[in-house]
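Taking it in order: structure first as structure tokens, then the write-up.
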Amino acid sequence: MKKVFGILFLIWGIIGLPGCLALTVSETIGRLIGNALITFLPAYFLLRNKKKEENEEKN
């Protein structure tokens, strides 16, 4: 289930990228940082492989 939410966050982030473009450079950078914090950071944590979980599955 975590993988599904991670993929949804990635799709949501990619769809939201065109909305980050603005007239000023500073506003565009701020929007990109906000988009990354809201979508790509949670997706990273949901999709990463934890070594602790892998070790428990092997035992």
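Residue by residue, here is whether (1) charged (D, E, K, R); (2) open to solvent by 60 Å² or more (accessible area, probe 1.4 Å); (3) on the phi > 0 side of the Ramachandran plot holds:
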residue: 11; (1), (2), (3): no, yes, no
residue: 14; (1), (2), (3): no, yes, no
residue: 20; (1), (2), (3): no, no, no
residue: 36; (1), (2), (3): no, no, no
residue: 41; (1), (2), (3): no, yes, no
residue: 44; (1), (2), (3): no, yes, no
residue: 50; (1), (2), (3): yes, yes, no
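If you check 58, 3 for being modelled with pLDDT of 90 or more and open to solvent by 90 Å² or more (accessible area, probe 1.4 Å), only one passes: 3.
Sub-6 Å Cβ pairs linking a first residue in the stretch 22-43 that is modelled with pLDDT of 95 or more to a second residue that is among the aromatic types (Phe, Trp, Tyr) and not in a loop (DSSP other than H, G, I, E, B), at least 6 apart or interchain, number zero.
The values are calculated or read from the model by the stated rules, or taken from the named source; none is laboratory data. Computed from a predicted model, the values in this text were never measured in an experiment. Quick reminder, even Gly has a Cβ in these numbers, built from the backbone with ideal geometry, and neighbours come from all protein chains shown. Each accessible area value is taken on the protein alone, full model and side chains, heavy atoms only, with ligands, DNA and RNA left out. Shrake-Rupley method; radii C 1.70, N 1.55, O 1.52, S 1.80 Å.
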